[in-house]
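Please treat every number below as a calculation from the coordinates, not as lab data. These numbers were taken from a predicted model, which means no experiment stands behind them. Note that each Cβ is placed from the backbone with ideal geometry, even for glycine, and that neighbours are counted across all protein chains shown.
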Amino acid sequence: MTLTVRGARVDKSPAMTVLQRYILGELLRVLALTGTSLTGFMLLIGVSAELLRQGLGPAHVVRIIPYVLPNALVFSLPGALLLSVTVLYGRMSAANEILVAKSFGIHPARLFVPTLVISFLLSLATVWLYDLAVSWGFRGVQQVVLMSTDQVVYGVLKTRKTFQAGGLSIVVRDVVDRTLVSPVLSFSGKGDEPGVTIRAESGELRAEGTVLRLKFRHATVEIASQARGHFQEIEREVPLNELVGKHEALSSPGHLALREIPDELERTREELALVHQKRAAATAFGLLSGNLGYRDTGIPLPGAEIKYIQERIDRLRTEGPRRWATGFSCLCFALVGATMAVWRKHAEIVNIFFSCYAPILVVYYPLFISALEMSKSGQMPPLVVWTGNLVLAVWGLLLLQRIVRY
């Protein structure tokens, strides 16, 4: 395709290829800088939060970083992409490069093609990173914590003088090397098992295999405030999984990989069907016995169990769309940022960025969170989590229409 300008013939196709490569190169350059900076900042926050929450020492930082990195990228990529396209298109618009391209007959929409392609690919990458972060990353952090449970407990006790996890609570007066001074331990009861409280002059703990071994000297053991005994030395073992809550956390829909969700959803639906069958059996038994209630049938009331299983089904159904919608926020952010930067060509880059980010912060995230909660509670279908993305896409397309028109 050619264009005649004041008697000269200008070939637009090669020029367009050069322009697209220029935009692509500049975008990748700025994105590499902003992405590295924001990811480093997010990684610092993530590792610091994990260190404080789990009581890990500096020696664990290197082991945790690979598992925290995907989560840091999930949070940093959308913001880095928004900032990058704002800087790139704001600079191009201020230098009248967009106007020059339009004067050569190049359709303005084609100037956004490289950015939209990169944003689409980054959106897919973000979906994958999100899935990796909540499954492999979370399990990796849990494994590091599991292998260093005794160090974690000692670290927390040294700083806070108290530690609580699962059904175990430890309070100490002081920690000297590996010796607990005046420890008081409380084990909450499970089912028919009564709670146990141990008060000792000193003690120590050590992780061995899959258990945490607790050893106390000059201890008094009190069982449910009913029985009491004094021991020169006593030991007790606690499964490490109970301390870190590993089984419960890993079974949460939010920590399942996308490939695991369909099978888990099918299994949960079968479990719900089985509960309904039990309820029907209890009703039939009640009709035959003349007792329409459940309490005297020997079959537990299923209402609470049905509610729990149904809530889990709703969360499982929501988890997939949630991750895809979160990942494709990159594409929506880029569309809004690029078109807003071109539309407000005389504004400063900082003003353009915050004119995009402020509505995103005030509109997009509240919409996403409220839609997510309604979907997880079963009030709305799972696709409602895309509402925020749809609003941003419409906003960007309207701006693009104005740019093309004027």
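With the simple model of a label 7 Å out from the Cα in the direction of the Cβ, residue 161 to residue 362 spans 4.7 nm.
Values of log10 I(q)/I(0) for the stretch 66-150 across q = 0.18, 0.21, 0.24 Å⁻¹ run -0.82, -0.96, -1.09, by the Debye formula with one identical scatterer at each alpha carbon and no solvent. Charge tally for residue 92 (other residues, Cβ to Cβ under 15 Å; Lys, Arg +1; Asp, Glu -1): +4.
Between the beta carbons of residue 377 and residue 304, assuming R0 = 25 Å, the FRET efficiency works out to 0.95 to the nearest 0.05. When the charge dipole of the stretch 35-162 is built from unit charges on Cβ atoms (+1 for Lys and Arg, -1 for Asp and Glu) and taken about the Cα centre, the candidate among 109, 157, 73 whose Cα reaches farthest toward its positive end is 157. Once you reduce the stretch 332-370 and the stretch 111-134 to the center of their Cα atoms, the two points are 18 Å from each other. Its residue count N fixes a reference of 2.2 N^0.38 Å for the stretch 127-209, and the Cα radius of gyration divided by that reference is 1.36.
Let me check I've understood the local charge: for residue 221, count other residues with C-beta under 10 angstrom from its C-beta, Lys and Arg +1, Asp and Glu -1. What total comes out?
Values: positive: 199, 228, 236; negative: 222.
Neighbour charge sum, excluding residue 221 itself: +2.
Positive contributions from Lys and Arg (+1) and negative ones from Asp and Glu (-1), summed over other residues with Cβ under 11 Å from the Cβ of residue 173, come out at -1.
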